[in-house]
Amino acid sequence: MKNTFGTSVSVTLFGESHGSMIGAVLDGIAPGISVDESFIAKQMSLRKSVGSISTARHEADEVKIVSGVFNGKTTGTPITFIIENQDTRSRDYGELAYKARPGHADYTASVKYHGFQDFRGGGHFSGRITAGLVAAGAVAIQALASRNIIIGTHILSCAGVYDRCFEDIPTDIAKLNSLDFAVLNDSVKAEMIEKIEDAKRDGDSVGGRLETAVYGLPAGVGEPWFDTLESVLSHILFSIPAVKGVEFGDGFMLADRRGSQSNDSFRSADGRIFTETNHNGGILGGISNGMPIIIRTAVKPTPSIYQEQQTINLNTLDNTSLVIKGRHDPAIIHRARVVADSVIALTLCDQLSLRFGTDWLAQN
């Protein structure tokens, strides 16, 4: 029953959706890294519910750092982030003590924890727990930025509406990190929001795909075989609730091409080695090649919908039906984007510390 990820730099999650608080512990991060609490607050705001396209549950998400930071710098000891739950309505989940919601972890959690799990709001399986990842990820993002490594994620698609892909990556990342609804083509925002609102009116939900770019990561990061850079990044991305697919570079499209169409030719200029194309998304043999890392993540429709669904009674095993109550998102894709940035940043801090030493992140 492990809730920790990472080897040299690790993050541990704790709490439940309707418990008194949730949070994270970031351990192994180098001493001397600047921690900007206003930046943490900004990142947390990107995860908050927004208007009609999000849940009506509105949490302040004020982050308290209770260890590991002194005079605005990391001390090298574990950093503990605490976030209080203030807007819970546990009464909405009374029926879920014995009815499993389709698409949720209610049934599997009941099997795993022998019925002792906190079912309110999804408990420890709730997307609410990602708030701790965003708080810890904000420190990781700042650490990477100090070494000129930047990360940005946009909504590549939502309910069949598509944004453009990355072009000028540094400029695109700068734009995305200034937006609350992250799309590169401004004209698709209204159409995506309309699709989300249409689903909400139908008591339904929609999913989408995220595309992330990492710019400035040096070559040589990652391991062959079992700890490839793809595998560790996939590992943490699949930890985000509702993620059902991850691909790198051109991903599954490569399966339909010839080698001549998918190989990236090497070139050299001014002492720098690069590839003319980036079909492989900046990773070869499980190791970064110095090109931008490109990752696409599939996010399924939010499983909590307001339509009658078929399920079982966990106590009697009888077939029954269920109509979900409470406050739920018709889409989480716009809120998940900052979670993707955060977990990727945490993983890269770990991988860079393993490659170059723990103190490398604090060397400017």
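Please enumerate the residues belonging to segment 139-164 that are among the β-branched types (Val, Ile, Thr) and under 30 Å from residue 28 (Cβ atoms).
Once the filter is applied, which keeps residues that are among the β-branched types (Val, Ile, Thr) and under 30 Å from residue 28 (Cβ atoms), segment 139-164 yields 139, 141, 149, 150, 151, 153.
Within segment 35-48, is there a residue that is in a strand (DSSP E or B), more than 22 Å from residue 331 (Cα to Cα), at pLDDT 95 or above and among the β-branched types (Val, Ile, Thr)?
Filtering segment 35-48 down to residues in a strand (DSSP E or B) leaves none.
Checked segment 35-48: no residue is in a strand (DSSP E or B), more than 22 Å from residue 331 (Cα to Cα), at pLDDT 95 or above and among the β-branched types (Val, Ile, Thr).
Within segment 321-346, can you find the residues that are over 11 Å from the mean Cα position of the chain (by Cα) and either under 18 Å from residue 142 (Cα atoms) or surrounded by fewer than 15 Cβ atoms within 10 Å (Cβ to Cβ) (or both)?
321, 323
Which residue out of 277, 302 is modelled with pLDDT under 95 and not in a helix (DSSP H, G or I)?
Residue meeting the stated conditions: 302.
Looking at (1) at pLDDT below 95; (2) farther than 22 Å from residue 6 by Cβ, which is the only condition residue 241 fails?
(2)
Hey, among 305, 295, 273, 312, which residue is more than 30 Å from residue 100 (Cα to Cα) and in contact (Cβ under 8 Å) with a residue 60 or more places away in the chain?
295
Select from segment 155-175 the residues that are β-branched (Val, Ile, Thr) and outside any strand (DSSP E or B) and write down the one among them that is surrounded by the fewest Cβ atoms within 10 Å (Cβ to Cβ).
Just the residues of segment 155-175 that are β-branched (Val, Ile, Thr), to begin with: 155, 161, 169, 171, 173.
Next, only the ones that are outside any strand (DSSP E or B) stay: 169, 171, 173.
Numbers: 169: 18, 171: 12, 173: 23.
Restricting to residues being β-branched (Val, Ile, Thr) and outside any strand (DSSP E or B), the top hit is 171.
Go through segment 128-153 and report how many residues are of a type in the set (D, E, K, R) and outside any helix (DSSP H, G or I).
Count: 1.
Condition (residue is β-branched (Val, Ile, Thr), within 27 Å of residue 233 (Cα to Cα) and either at pLDDT below 95 or over 21 Å from the mean Cα position of the chain (by Cα) (or both)) applied to segment 88-95: is it met by at least one residue?
Checked segment 88-95: no residue is β-branched (Val, Ile, Thr), within 27 Å of residue 233 (Cα to Cα) and either at pLDDT below 95 or over 21 Å from the mean Cα position of the chain (by Cα) (or both).
If you take the residues in segment 147-178 that are free of Cβ contacts under 8 Å to residues at least 24 places away in the same chain and hydroxyl-bearing (Ser, Thr, Tyr), which one is farthest from residue 40 (Cα to Cα)?
Checked segment 147-178; the qualifying residue farthest from residue 40 (Cα to Cα) is 171.
Can you report the number of residues in segment 1-18 which are small (Gly, Ala, Ser) and assigned to a strand (DSSP E or B)?
Residues in segment 1-18 being small (Gly, Ala, Ser) and assigned to a strand (DSSP E or B): 2 in total.
What do you reckon, is residue 4 under 13 Å from residue 132 (Cα atoms), surrounded by fewer than 18 Cβ atoms within 10 Å (Cβ to Cβ) and not aliphatic (A, V, I, L, M)?
Yes; evaluated as a whole, the condition is true for this residue.
Could you tell me whether any residue of segment 74-83 is under 22 Å from residue 329 (Cβ atoms) and assigned to a strand (DSSP E or B)?
Looking through segment 74-83, at least one residue is under 22 Å from residue 329 (Cβ atoms) and assigned to a strand (DSSP E or B).
For residues that are farther than 10 Å from residue 219 by Cα and touching a helix residue (DSSP H, G or I) at 6+ places or on another chain (Cβ under 8 Å), scanning just segment 273-291, find the one that is surrounded by the most Cβ atoms within 10 Å (Cβ to Cβ).
Within segment 273-291, the match that is surrounded by the most Cβ atoms within 10 Å (Cβ to Cβ) is 281.
Looking at (1) over 28 Å from residue 197 (Cα atoms); (2) within 18 Å of the chain's Cα centre (by Cα); (3) hydroxyl-bearing (Ser, Thr, Tyr), can you tell me which one residue 297 breaks?
Residue 297 satisfies every listed condition except (1).
Write out, first by first residue and then by second, each pair whose Cβ atoms fall under 7 Å of each other, whose residues are 6+ apart or on separate chains, and whose first residue, in segment 224-241, is without any contact (Cβ under 8 Å) to a residue 12 or more places away in the chain while the second is not in a helix (DSSP H, G or I).
Correct list of pairs: 238/246.
The values are calculated or read from the model by the stated rules, or taken from the named source; none is laboratory data. Since the structure is predicted, the reported quantities are computational estimates derived from the model, not experimental observations. Using ideal geometry, Cβ is built from the backbone for each residue, glycine included, and neighbour counts are taken over all protein chains shown.
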